[in-house]
Amino acid sequence: MSASLPPARASAVDERRIKVAPGEARFSGEDGPPTAAWTYNGTIPGPALRLRQGQPVRITVENGLNEDTTVHWHGIRLPNAMDGVPGLTQPPIKPGESFVYEFTPPDAGTFWYHPHADSLVQLGRGLAGPLIVEEAEPAAFDRDLFWLLQDWRLTKDGQIAGGFGNMMDASMSGRVGNLVTINGTVPADLGVRAGERLRLRLANASLARMMALRFEGHRPVVLAIDGQPCDPHEPEDGRLVLAPAMRIDIVLDMRGDPGSRHAVIDDFYDGLAYTLTNLAYDKAFPFRSHPLDAPLALPRNPLPEPALANAVRQEVVLQGGMMGGGKLASVGGMMGMGMPGMNGGAAWAINGMSMTGDGHAGMAPQFTLERGATCHLTIRNETAWWHPMHIHGFSLSVLSRNSATVPHRQWQDTVLLAPKDVIECAFVADNPGNWMLHCHVADHQMAGLMTVFRAT
Ligand code: C2O
Ligand code: CU
Ligand code: CU
């Protein structure tokens, strides 16, 4: 061993810059036709930010759009003032201005970043990027890939369609598009080698499209959900269900024959299955004759363990949306602007209250938790629609779904509720501030499926 100095970067602040500005997407590759879009540092998706667990980072965001923006570091447990919710945690970044985000990621894993101002339009025009927090000790994989999945609603001439926030989308399934991309392009085959072990980080950055991926001829093992390691397990029916904002890390052992080809299929919506991409094996000899047998489990993150016996119980009830017969369910006290049934109006409510838009100054918290208290949270979906419910600032230990225990010690920042589902989860209120809790179908959030709670 040489007596070299420890690397200087270990304690240094990691400096990054992100410029938000209009630009172009190239869905069919670099030589394909351009689509006008909004970009982080000129690319769709934005640059992959690789941070290190426990190392401070300082990210300067400059707004080159003609409207206010912010950046939200989805899933990172950071100080409230860095959470990127306009009005609630920071003033919006005005055109031509900058904001400096500073935090130290406590958890390693797969995250993403996106705006939280004019969210429906800004996400829908392309603003999203991958964020990886690396484990202190690199895990044993041959390759580490990130698939940032986006869904676009394009016009016939290949441009992003307008009409954001119409009541039809807002009160039903949200703005589901007509083109799915991986890392900003229509996916070509993924070249693989027999015997390889891939770590694949899947992130659904769509506005509304739910996905359920199957890897034909392969048995993916789930290592982490929403950045948080769980007990490694094969998903039910081999399907990886990814609602908007969710991430799943899988390990894929490439057990196919050299030269073979296997479809990756998304079959979430009945009768609308399609092939997302294919795994195409190189014809050469196996890269490795025996699959790696390194342990699969990723090291757990330092999440505070809920004390269920002394928990404070809170309930969040999801209401509203279109019902049978084309009628809007009536929702209680409106908090936003606009009339129900109109663009920008309320179509949904939480516990009888509709907060519309992206976040405002002076939003009254739905409930307040004392610092360090365990909250046992029940989320009850009384609507006829699916909702990926997302909590800011915390990760939820998922206890049960419709009274059945959820196995594998799963923690999630976004939990998907099917119509009429009831989910029980718990978290420790160790991160003070006013935090948002909302559906991540952007249309639903904007139309009232959002609330705020406070940790003291
Ligand atoms: Cu991914 Cu409120 O955010
Ligand atoms: Cu978030
Ligand atoms: Cu929803």
Checking 101, 40 in turn, the sole residue that is aromatic (Phe, Trp, Tyr) and farther than 18 Å from residue 126 by Cβ turns out to be 101
In region 143-163, anything open to solvent by 50 Å² or more (accessible area, probe 1.4 Å) and closer than 20 Å to residue 193 by Cβ is listed as 143, 144
Of the residues in region 428-442 that are more than 9 Å from ligand 1 (Cβ to nearest atom) and in a loop (DSSP other than H, G, I, E, B), the one that is most open to solvent (accessible area, probe 1.4 Å) is 430
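Would you call residue 360 in contact with a Leu (Cβ under 9 Å, 6 or more places away or on another chain), at pLDDT below 95 and open to solvent by 20 Å² or more (accessible area, probe 1.4 Å)?
On the way: in contact with a Leu (Cβ under 9 Å, 6 or more places away or on another chain): yes; at pLDDT below 95: yes; open to solvent by 20 Å² or more (accessible area, probe 1.4 Å): yes.
Answer is yes for this residue.
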Do we find that residue 109 is among the small types (Gly, Ala, Ser), within 16 Å of ligand 3 (Cβ to nearest atom) and surrounded by 22 or more Cβ atoms within 10 Å (Cβ to Cβ) in this structure? no
Those residues of region 94-113 which are in contact (Cβ under 8 Å) with a residue 40 or more places away in the chain, outside any loop (DSSP other than H, G, I, E, B) and more than 12 Å from ligand 1 (Cβ to nearest atom) amount to 100, 101, 102, 103, 109, 110
Within region 188-202, the residues that are open to solvent by less than 30 Å² (accessible area, probe 1.4 Å) and either outside the structural domain of residue 160 (by TED's automatic domain parsing) or assigned to a loop (DSSP other than H, G, I, E, B) (or both) are 194, 195, 196
- Is it the case that residue 165 is assigned to a loop (DSSP other than H, G, I, E, B), modelled with pLDDT of 95 or more, farther than 17 Å from residue 34 by Cα and not assigned by TED's automatic domain parsing to the domain that holds residue 354? no
Residue 138 fails exactly one of (1) surrounded by fewer than 20 Cβ atoms within 10 Å (Cβ to Cβ); (2) part of a strand (DSSP E or B), namely (2)
For region 383-418 the number of residues that are under 25 Å from residue 173 (Cβ atoms), assigned to a strand (DSSP E or B) and within 16 Å of ligand 2 (Cβ to nearest atom) is 10
Picking from 413, 430, the residue that is modelled with pLDDT of 95 or more, within 16 Å of ligand 3 (Cβ to nearest atom) and of a type in the set (Asp, Glu) would be 413
The correct count of residues that are open to solvent by less than 10 Å² (accessible area, probe 1.4 Å) and farther than 20 Å from residue 262 by Cα in region 211-228 is 5
Of the candidates 83, 68, the one satisfying the condition of being farther than 16 Å from residue 132 by Cα, touching a Ser or Thr at 6+ places or on another chain (Cβ under 6 Å), among the charged types (D, E, K, R) and surrounded by 18 or more Cβ atoms within 10 Å (Cβ to Cβ) is 83
Of (1) out of contact with any Gly (no Cβ under 7 Å at 6 or more places or on another chain); (2) in a loop (DSSP other than H, G, I, E, B), residue 116 fails just (1)
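The values are calculated or read from the model by the stated rules, or taken from the named source; none is laboratory data. Please read these numbers as outputs of a predicted model, since none were measured by experiment. Please note: Cβ atoms are built from the backbone with ideal geometry, for glycine as well, and neighbour counts cover all protein chains shown. Each accessible area value is taken on the protein alone, full model and side chains, heavy atoms only, with ligands, DNA and RNA left out. Shrake-Rupley method; radii C 1.70, N 1.55, O 1.52, S 1.80 Å.
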